[in-house]
Amino acid sequence: MERKDLVAIWDKALERLSVEPSEATSYALRISAGTSGKGPLIAPTKFDQALLRSWLGGAERTLACYGPRGTRLFNVLNIDLFGGKVLTVGVEDIAPERAALLEEFMPTRIVGYPTFVLRVAEAMSAQARSGVVSLRLAGELLSETMEGAMQALFPNAELVMQYVTSEVGAVSRPSCGYLPRNTYHPADEVSVVIDSPDEAGVGEILVSKIMSGERIVEYHTGDLGRSYPCSCRCGETTALELRGRAGTDYLKLAGAVLRIEEFDRAISAYKDYVDDYRVEATTRVGKDGPSVGVVQLLLRWSGALPTSARKQEIANEIAGRLFVTPTRTLSQLVAEGLFDPLEVKFSSESLPGGYKTSKMRYLS
Ligand SMILES: [Zn+2]
């Protein structure tokens, strides 16, 4: 099953919605197609009640930290289901003038994307952070430094991660605490197949499950991983290790998106010299806690290598052309301290493989 098959399934929900407006809150239009750009997706908001209950229920005050408006809408539509208060924030809310609101809200639990949660933490006082007893994270790989930062910033919080996708809901159970980072036990009702595994057993994760009465069959998640038998102390016998996105033409980090077509465009000024490139990105923890994006660009350069002054100039030119949000370039985010300056390396050798079908990879 591909994304278009899911769109077809939930299009049926749209027909039901049009004749039963009283059920309007049961459905959400996922306005953004995210970075896969395949058109809007209608999905039932209550498709995974157990998942929603574990994420939004049972806490006094939950702070939800997600960028996409669709995800935030989804949270808001379900607030009434589980009691407690939910405050959902976007990137635009992380501003000095909103700090008082976060301070006043005093969340007891924070849910969201790890890099976004770290950024929100920057806007919270130590006292507000110490009141958080539970962190629920999903949507991104967690690096060792990010995990360390979470523990330092939220000393009283239990950290639980889960593998969840916005298209098919929970794929894994919440982390049991015994497995390595980014490794999970599949959820009970989910069956997982690894598509075309390489020699290390890593391939695209395909998910089958029943959702809102619809059979989802081998849905292509776009995530890479490997599945292996284990005998976990929690009693589970299968582990699923996430390795990032398959064949990605984009990487999300530090509140920005690096897109392959943007690199193609920014580099095109040097097309007489550059016939191939690779992008490696990661996040590091900044001095005060928030994560900072780190991007390295490797160019295969034909002809004489530029002088070091010219290399620096080329790096600045590329960063100045490269849009990483709809309105801002990498240079602008570097100036704001959200990213380190772009590092560009030049090579006359052919470039390394191991990037699956893409030229980009995230180093966790
Ligand atoms: Zn376990």
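The values are calculated or read from the model by the stated rules, or taken from the named source; none is laboratory data. This structure is a prediction, so every number in the text was calculated from the model and none was measured. Cβ placement follows ideal geometry from the backbone for every residue including glycine, while neighbour counts extend to all protein chains displayed.
State all residues of the range 171-206 that are over 11 Å from Gly225 (Cβ atoms) and among the acidic types (Asp, Glu); if no residue qualifies, say none.
Answer for the range 171-206, where residues must be over 11 Å from Gly225 (Cβ atoms) and among the acidic types (Asp, Glu): Asp188, Glu189, Asp198, Glu199.
So, in the range 203-234, of the ones that are assigned to a loop (DSSP other than H, G, I, E, B) and more than 16 Å from the ligand (Cβ to nearest atom), which residue ends up farthest from the chain's Cα centre (by Cα)?
To start, the set of residues in the range 203-234 that are assigned to a loop (DSSP other than H, G, I, E, B) comprises 212-213, 230-234.
Now narrow it down to the ones that are more than 16 Å from the ligand (Cβ to nearest atom): 212-213.
On the way: Ser212: 25, Gly213: 27 Å.
It comes out as Gly213.
Test of understanding: among Arg278, Arg233, which residue is modelled with pLDDT of 90 or more and closer than 26 Å to Gly203 by Cα? If you could, list the steps in order and put the result at the bottom.
Details: Arg233 fails: closer than 26 Å to Gly203 by Cα.
Answer to the check: Arg278.
Applying the selection to the range 42-71, what residues are part of a helix (DSSP H, G or I) and modelled with pLDDT of 75 or more? Break it down stepwise before answering.
From the range 42-71, those part of a helix (DSSP H, G or I) are 49-56, 69-71; that's our starting set.
Result: Leu51, Leu52, Arg53, Ser54, Trp55, Leu56.
Just checking, does the range 115-127 include any residue being part of a loop (DSSP other than H, G, I, E, B) and crowded, with 16+ Cβ neighbours inside 10 Å?
Pass one, the range 115-127, residues part of a loop (DSSP other than H, G, I, E, B): 123-125.
Applying the additional criterion that residues be crowded, with 16+ Cβ neighbours inside 10 Å yields 123-124.
The answer is yes, given that some residue of the range 115-127 is part of a loop (DSSP other than H, G, I, E, B) and crowded, with 16+ Cβ neighbours inside 10 Å.
Inspect the range 184-199 for any residue being assigned by TED's automatic domain parsing to the domain that holds Gly90, more than 16 Å from the ligand (Cβ to nearest atom) and closer than 30 Å to Glu343 by Cα and give the result as yes or no. Steps first, please.
Quick first cut of the range 184-199, residues assigned by TED's automatic domain parsing to the domain that holds Gly90 only: 184-199.
Filter again for more than 16 Å from the ligand (Cβ to nearest atom), leaving 189, 191, 193-199.
Going one step further and asking which of them are closer than 30 Å to Glu343 by Cα, we end up with none.
No, the conditions are met nowhere in the range 184-199.
Which numbered condition in (1) under 21 Å from the mean Cα position of the chain (by Cα); (2) in contact (Cβ under 8 Å) with a residue 60 or more places away in the chain; (3) over 28 Å from Thr145 (Cβ atoms) is the only one that Val192 fails?
Result: Val192 fails condition (2) only.
So, Ser172, is that one under 21 Å from the mean Cα position of the chain (by Cα) and of a type in the set (Ser, Thr, Tyr) or not? Working first, answer last.
Numbers: under 21 Å from the mean Cα position of the chain (by Cα): yes; of a type in the set (Ser, Thr, Tyr): yes.
When the stated conditions are applied, Ser172 passes them.
Name the one entry in Arg215, Arg181 that is under 24 Å from Glu147 (Cα atoms) and assigned by TED's automatic domain parsing to the domain that holds Leu159. So that I can check it myself, show each step before the final result.
Working: Arg215 fails: under 24 Å from Glu147 (Cα atoms).
Testing whether each residue is under 24 Å from Glu147 (Cα atoms) and assigned by TED's automatic domain parsing to the domain that holds Leu159 leaves just Arg181.
Somewhere in the range 157-178, is a residue out of contact with any Asp or Glu (no Cβ under 7 Å at 6 or more places or on another chain) and free of Cβ contacts under 8 Å to residues at least 12 places away in the same chain?
The answer is no; no qualifying residue exists.
For the range 207-234, what are the residues that are surrounded by 18 or more Cβ atoms within 10 Å (Cβ to Cβ) and within 17 Å of Ser166 (Cβ to Cβ)? Don't jump to the end; show me each part of the working.
Going residue by residue through the range 207-234, those that are surrounded by 18 or more Cβ atoms within 10 Å (Cβ to Cβ) are 207, 209, 211, 216, 219, 221-227.
Listed by number, the residues that qualify are Val207, Lys209, Met211, Ile216, Tyr219, Thr221, Gly222, Asp223.
Hey, among Leu142, Leu179, which residue is within 22 Å of the chain's Cα centre (by Cα), under 30 Å from Pro290 (Cβ atoms) and within 16 Å of the ligand (Cβ to nearest atom)?
So the residue among Leu142, Leu179 that is within 22 Å of the chain's Cα centre (by Cα), under 30 Å from Pro290 (Cβ atoms) and within 16 Å of the ligand (Cβ to nearest atom) is Leu179.
Taking the range 152-163 on its own, how many of its residues are touching a Leu at 6+ places or on another chain (Cβ under 7 Å) and either more than 16 Å from the ligand (Cβ to nearest atom) or outside any strand (DSSP E or B) (or both)?
3
Tell me which residues, restricted to the range 316-353, are touching a residue at least 60 places away in the same chain (Cβ under 8 Å) and small (Gly, Ala, Ser).
Of everything in the range 316-353, just one residue is touching a residue at least 60 places away in the same chain (Cβ under 8 Å) and small (Gly, Ala, Ser), namely Ser350.
Of all residues in the range 236-269, which are within 16 Å of the ligand (Cβ to nearest atom) and under 16 Å from His220 (Cβ atoms)?
First, the residues of the range 236-269 that are within 16 Å of the ligand (Cβ to nearest atom): 236-242.
Leu240, Leu242 - these are the residues of the range 236-269 that are within 16 Å of the ligand (Cβ to nearest atom) and under 16 Å from His220 (Cβ atoms).
Only one residue in Leu137, Leu101 is modelled with pLDDT of 90 or more, within 25 Å of Val292 (Cβ to Cβ) and either in contact with a strand residue (DSSP E or B) (Cβ under 8 Å, 6 or more places away or on another chain) or crowded, with 22+ Cβ neighbours inside 10 Å (or both), so which one is that? It would help to see each step written out before you state the result.
Values: Leu101 fails: modelled with pLDDT of 90 or more.
From the options Leu137, Leu101, the qualifying one is Leu137.
Of the residues Val91, Val120, which single one is in contact with a Phe, Trp or Tyr (Cβ under 8 Å, 6 or more places away or on another chain), touching a residue at least 12 places away in the same chain (Cβ under 8 Å) and of a type in the set (A, V, I, L, M, F, W, C)?
Details: Val120 fails: in contact with a Phe, Trp or Tyr (Cβ under 8 Å, 6 or more places away or on another chain).
Step by step, each of Val91, Val120 is checked, and only Val91 is in contact with a Phe, Trp or Tyr (Cβ under 8 Å, 6 or more places away or on another chain), touching a residue at least 12 places away in the same chain (Cβ under 8 Å) and of a type in the set (A, V, I, L, M, F, W, C).
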